[in-house]
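Working notes for the structure below.
Derivation of every value follows stated rules applied to the coordinates shown; laboratory data play no part. Because the structure is predicted, anything quoted here is derived from the model rather than measured. Backbone-built Cβ (ideal geometry, glycine too); neighbour counts: all protein chains shown.
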Amino acid sequence: MTGFEFAADPDRVIHEPARLKIMSVLSAAESADFIYLMGETGLTRGNLSVQLTRLKEAGYIKIAKEFVGNSPRTTASMTPEGKKAFDEYRTYLASLLKATS
């Protein structure tokens with residue numbers, strides 16, 4: 001059996017499954033509110049909140065909080081750094097797939 005040549009290690013912030021789901025949704029949308037992200041990712045309210053905080057701390061997303069009528073609304077969007085990191089992560093995954101083809 002021959003050895004594989006893999007790209008550098010993946011970005012551990014994005015590599016975590018819940019955060020990867022969030023970043024995938026945000027890569028396809030300019031922004032998404034909390035309820036939409038919960039529905040698309042299947043994450044609980046608490047888990048989504050924790051993962052959004054981690055992505056924000058990494059500088060990959062920005063969070064906007066506002067009131068719509070009397071209801072609070074939290075919206076997330078990718079930062080330019082987050083877009084770059086996600087693109088690099090996608091390149092990493094493509095290299096893994098290529099190595100095993």
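Observations
- Recomputing mean projected area of the Cα convex hull in nm² from the coordinates shown identifies the correct label among (i) 6.1; (ii) 5.7; (iii) 7.5 as (iii).
- Cβ-Cβ distance of Arg90 and Asp33, R₀ of 22 Å, FRET efficiency by 1/(1 + (r/R0)^6): the value works out to about 0.35.
- Structure-based [θ]222 nm, the chain - -39500 (n - 2.57) summed over DSSP H runs of at least 4, per residue, nearest 500: -17500 deg cm²/dmol
- Choice from Tyr36, Tyr89, Tyr60 with maximal GNM fluctuation in the chain (Cα, 10 Å cutoff): Tyr36
- The modelled label-to-label distance between Glu16 and Val50, using points 7 Å beyond Cα along the C-beta direction, is 0.8 nm.
- Given charges at Cβ of Lys, Arg, Asp, Glu: segment 29-88 dipole, positive-most of Pro72, Ala85, Phe34: Pro72
- The mean of 1/r over all pairs of different alpha-carbon atoms in segment 29-88, once inverted, gives a Kirkwood hydrodynamic radius of 12.0 Å.
- Sites excluded, GluC sites (Glu not before Pro) in DSSP loops with at most 11 other C-beta within 10 Å, longest stretch of the chain: 31-101
- When both segment 58-101 and segment 36-52 are represented by their alpha-carbon centers, they are found 13 Å apart.
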